[in-house]
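The values are calculated or read from the model by the stated rules, or taken from the named source; none is laboratory data. These numbers come from a predicted model, not from an experiment. Reconstructed Cβ throughout: ideal geometry from the backbone, glycine too, with neighbour counts over all protein chains shown.
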Amino acid sequence: MSLRTLQFSNIIDLSHPIDANIPLWPGDPAVLFDDVASIAKDGYFLRSFQIGEHSGTHMNAPASFFEDGMTIDGYSSQQLTPEAVVIDVSVQAQELPDYAVTIEDLHHWEQNHGVIPAGCVVLFYTGYQHYWKTPERFFNMDAQGVMRFPGLAAETARFLLEKRKVSGFGIDTHGVDPGASAEHQVNRLTLAQSGIVLECLTNLDRLPPRGVTLMIGLLRLRGGSGSPVSVLALIP
């Protein structure tokens, strides 16, 4: 195993704070906080909380789509400290709400920044991070109840996984698959090889196109389908 020496000039938090008002996927459990102890009564403050495994800024595990898939506690420390590149598709996403990132978008990025490196996590900035505090806009559900937010086309994910050998994806929407997708193909393709899937990221517009290192802090929920995460970006 090769070791990397990290030199960074800034650290940017890519995770949303969690409270009871965060956007929740339809059917997910509510976020609840209950006071257990108070300083006035007990001498210290303590709360209990309830949250779904795929709520807030979170990471999916293979078990979320595959019956015998690895659970969230199976990821290694090495997997949780990947290099990352950032691809800005916010203009396309504003023009077409359920935009699916294309292979052409990747080629355009590579023309300006070089070949996407093997082993990295590819982050996609759609601009939807700015709608986090307005859940209706964040999910952008149409009259038929179909969510209309951007994600990756399945062929784009397959190209990155097979031709560029990336380790996974992250995005500032509630899914690496477009909201209208019922098959969750990008999730399935990525998690079939125990890759990284990060959703509901923020501050992606503050990152450079390449050179970023991620530090993904998850809850090692034994048997978990996923986990809320704290994701830090180390900037050269």
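Restricting attention to region 120-170, and to residues there that are of a type in the set (Val, Ile, Thr) and out of contact with any Phe, Trp or Tyr (no Cβ under 6 Å at 6 or more places or on another chain), which single residue is farthest from His184 (Cα to Cα)?
Only one residue tops the list, namely Thr134.
For region 136-173, give me each residue that is of a type outside the set (A, V, I, L, M, F, W, C) and under 18 Å from Gln92 (Cβ atoms).
Matches in region 136-173: Arg137, Asn140, Arg148, Pro150, Gly151, Glu155, Thr156, Gly170, Asp172, Thr173.
For Lys41, work out the one condition from (1) loosely packed, with under 13 Cβ neighbours inside 10 Å; (2) out of contact with any Leu (no Cβ under 6 Å at 6 or more places or on another chain); (3) closer than 28 Å to Thr202 by Cα it doesn't fulfil.
The number of the failed condition is (3).
Take the residues in region 160-201 that are surrounded by 24 or more Cβ atoms within 10 Å (Cβ to Cβ) and polar (S, T, N, Q); name whichever of them is nearest to Ile87 (Cα to Cα).
The extreme case among them is Thr173.
Could you list all residues from region 166-204 that are in contact with a Cys (Cβ under 8 Å, 6 or more places away or on another chain) and farther than 13 Å from Leu152 by Cα?
Once the filter is applied, which keeps residues that are in contact with a Cys (Cβ under 8 Å, 6 or more places away or on another chain) and farther than 13 Å from Leu152 by Cα, region 166-204 yields Val166, Ser167.
Assess whether Gly56 counts as being loosely packed, with under 10 Cβ neighbours inside 10 Å and either on the phi > 0 side of the Ramachandran plot or without any contact (Cβ under 8 Å) to a residue 40 or more places away in the chain (or both).
No; evaluated as a whole, the condition is false for this residue.
Residues to consider are Gly175, Gly114; find the one that is at pLDDT 95 or above and more than 23 Å from Val229 (Cα to Cα).
Checking each option against the conditions leaves just Gly114.
Inside region 67-115, can you point out the residues that are β-branched (Val, Ile, Thr), free of Cβ contacts under 8 Å to residues at least 60 places away in the same chain, outside any loop (DSSP other than H, G, I, E, B) and within 18 Å of Arg158 (Cβ to Cβ)?
Answer for region 67-115, where residues must be β-branched (Val, Ile, Thr), free of Cβ contacts under 8 Å to residues at least 60 places away in the same chain, outside any loop (DSSP other than H, G, I, E, B) and within 18 Å of Arg158 (Cβ to Cβ): Val101, Ile103.
Looking at Tyr44, is it of a type in the set (Ser, Thr, Tyr) and closer than 30 Å to Gly211 by Cβ?
It is false that Tyr44 is of a type in the set (Ser, Thr, Tyr) and closer than 30 Å to Gly211 by Cβ.
Being under 26 Å from Ser55 (Cβ atoms), in contact with a Cys (Cβ under 8 Å, 6 or more places away or on another chain) and surrounded by 15 or more Cβ atoms within 10 Å (Cβ to Cβ) is the requirement here; does Ala157 meet it?
no
Residue-wise test of (1) under 20 Å from Leu214 (Cα atoms); (2) in contact with a Pro (Cβ under 8 Å, 6 or more places away or on another chain).
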| position | (1), (2) |
| --- | --- |
| Ile72 | yes, no |
| Tyr75 | yes, no |
| Leu80 | yes, no |
| Val85 | yes, yes |
| Ser90 | no, no |
| Ala93 | no, yes |
| Glu104 | no, no |
| Gln144 | no, no |
| Arg148 | no, yes |
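Quick one: which strands (runs of 3 or more DSSP E) sit completely within region 134-236 and have at least 1 residues that are hydroxyl-bearing (Ser, Thr, Tyr)?
212-218, 226-235
For region 61-93, what are the residues that are surrounded by 14 or more Cβ atoms within 10 Å (Cβ to Cβ) and among the charged types (D, E, K, R)?
Hits for region 61-93 are Asp73, Glu83, Asp88.
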